[in-house]
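The values are calculated or read from the model by the stated rules, or taken from the named source; none is laboratory data. Please read all numbers here as calculations on a predicted model, not as lab measurements. Here the Cβ positions follow ideal geometry from the backbone for every residue, glycine too, while neighbour counts run over all protein chains shown. Heavy atoms of the whole protein, side chains included, go into the accessibility calculation; ligands, DNA and RNA do not. Shrake-Rupley method; radii C 1.70, N 1.55, O 1.52, S 1.80 Å.
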Amino acid sequence: MSDTTAKLTLGGADTSYAVRSGSIGPDVIDIRKLYASTGAFTFDPGFMSTAACESGLTYIDGDEGVLLHRGYPIGQLAEQSSFMEVSYLLLNGELPSKDELAAFSRTITRHTMLHEQLATFYRGFRRDAHPMAIMCGVVGALSAFYHDSTDIADPHQRMVASHRLIAKMPTIAAMAYKYSIGQPFLYPRNDLSYTANFLRMTFGVPAEEYYVDPAIERAMDRIFILHADHEQNASTSTVRLAGSSGANPFACIAAGIACLWGPAHGGANEAALNMLREIGRPERIPEFIARAKDKNDPFRLMGFGHRVYKNYDPRATVMQQTLREVFEALKINDPVFDVAIQLEEMALNDPYFIEKKLFPNVDFYSGVILSAIGFPTEMFTVLFALARTVGWVAQWNEMISDPEQKIGRPRQLYTGPVQRDYVPVDKR
Ligand code: ACO
């Protein structure tokens, strides 16, 4: 708690509110008693200035381009850690010991299979169903299969549900892909890592052994780390809001997947890839930069700019390096790579982008990498959902364990008609 208070004068009366400080980041004005003491609400659509919860998971400083999970910088985690280790860190608060990591990985591995009956759900979908539609349906349906982990008041059951969700998401995602291309589902294999197992279930076929390229496994694992959590973004806030009513964890994560599906949230990497392909060759970059700067042209450089980051998105730095590694491993010689690198360089040196603090975001490179690995664009958001599941369950657990947790219930500024009397239809 800071020793400053915020004073508000409303209708001639003064009220004051405590100002609270976190470990880093902006202070918050605690206005929980505002309505009781003044009869007024605050108005903040889009939560531009509102902290909706207390959290110890992830910290972002958008001006400095900083992203920390439990205090650890994302660059260090992406370089030196693994997705399993980051998952443990997010869920438990500390990095695991060697034994703890081995035990956690074993637990997750043991939960990767799906109830056999769930396979029949897939056959109910049209073959051309969007895989995110399948994800929403199948993840929501998990609550009908795993009754022994839906008592949210029991910390053990909450942890079992969290492990199940992290473990089953790759299987569910790979099956959604297999169904769309008419290939048989592959069962998980416990001798493979979390990420290698996902790659095999996605790209392997029962007719032959699947070789997991270590460079691709590493790149995919890094992409998962980069998407694991991003504090109170729209889908995470959706999971928290759904969970605040006491809904079961599988239903809450299905709600998060539905929110992530929107193009303003999970869909930007596809747009960035399409743009780079449309530019096609480096000579055309100036034309597109000019269009992005033209006030009369709605075109924007996709993968540039961010609501929070007004500096280089630290995840984009790792993505650029990963892109190089994937292209090298797969011996890809695609002009889209040169277009991306040169476009970034030109935009970063252009006064328009400098003045507006527009930098590449995580989506600028991720679409190109995923496409090079072999994923169709419809799968991009599915991969995001797979990785973000760990952030969602960690945030959900944090919320349920918080003694100050209340059902989320925003208020409104009502602008509709005032009370009036009903007029029977023959008199209207
Ligand atoms: N290209 C050209 N100009 C841009 C761009 C861009 N990519 N982004 C913002 N600007 C300009 C706007 O025209 C605006 O100019 P003005 O002040 O002259 O009107 C100014 O920069 C501020 O832009 P806003 O849209 O007000 O900024 P906001 O914070 O609301 O938007 C957003 C952030 C939506 C990400 C925006 O930068 C954008 O549309 N980027 C392209 C899409 C994209 O890459 N989205 C992925 C985001 S990351 C993620 O979701 C994981």
Solvent-accessible area of M132, probe 1.4 Å, all protein chains present, reported in Å² to the nearest ten, please.
0
May I ask which of K7/K406; K168/K406; K310/K356; K293/K357 have a Cα-Cα span longer than 18 Å here?
K7/K406; K168/K406
Averaged over all viewing directions, the convex hull of the alpha carbons in segment 1-158 casts a projected area in nm² of 15.5
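Nearest 20 debye, what's the magnitude of the dipole of segment 339-412 about its Cα centre given +1 on Lys and Arg Cβ and -1 on Asp and Glu Cβ? Write out the running numbers ahead of the final one.
Numbers: 6 positive and 9 negative charges, 82 e Å.
Its charge dipole is roughly 400 debye.
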Positive dipole terminus of the chain, leading residue within T58, G39, G182 (C-beta point charges)
G39
Any lysines with Cα under 16 Å of the K427 Cα? List them, leaving off those in the same chain fewer than 8 positions away.
none
Listed by chain and number, the aspartates and glutamates with an alpha carbon less than 17 angstrom from that of K295, same-chain partners under 8 positions apart left out, are E287, D350, E355
The answer for the per residue Cα convex hull volume of segment 204-279, in Å³, is 160
Give the carbon-plus-sulfur fraction of the accessible surface of the chain in %, rounded to a whole number; probe 1.4 Å, heavy atoms of protein chains only.
53
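Given a Förster radius of 22 Å and the C-beta distance between Y211 and Y187 as r, what FRET efficiency does 1/(1 + (r/R0)^6) yield to the nearest 0.05?
The calculated FRET efficiency here is 0.75.
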As I understand it, the dipole of segment 363-426 uses +1 on the Cβ of Lys and Arg and -1 on the Cβ of Asp and Glu, about the Cα centre. Which of V368, P424, A387 lies farthest toward its positive end?
P424
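Please state the charge dipole magnitude for the chain, taken about the Cα centre, from unit charges on C-beta atoms (+1 on K and R, -1 on D and E), reported in debye and rounded to the nearest 20. Please list the in-between numbers first.
Numbers: 41 positive and 49 negative charges, 258 e Å.
Roughly 1240 debye, rounded to the nearest 20.
Would you compute, from DSSP H runs of 4+ residues alone, the mean residue ellipticity of the chain at 222 nm, taking -39500 (n - 2.57) per run and dividing by the full residue count, rounded to the nearest 500?
Details: 18 runs with 214 residues, N = 428.
Counting only the DSSP helices, I get -15500 deg cm²/dmol.
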On the formula 1/(1 + (r/R0)^6), with r taken between the Cβ atoms of Y312 and R20 and R0 of 22 Å, the FRET efficiency rounded to 0.05 is 0.15
Inter-site label distance for Q419 and A329 at 7 Å from Cα along Cβ, in nm:
6.7
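Based on Cβ point charges of +1 for Lys and Arg and -1 for Asp and Glu, what charge dipole magnitude is obtained for segment 3-87 about its Cα centre, in debye rounded to the nearest 20? Before the final figure, lay out the partial values.
Working: 5 positive and 11 negative charges, 79 e Å.
In debye, rounded to 20, segment 3-87 gives about 380.
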In whole Å, how far is the Cα centre of segment 51-66 from that of segment 193-261?
21
What's log10 of I(q)/I(0) for the chain at q = 0.08, 0.09 Å⁻¹, Debye sum over Cα points only, no solvent?
-0.51, -0.64
With every protein chain left in place, what is the accessible area of Y59 in Å² (1.4 Å probe, nearest 10)?
60
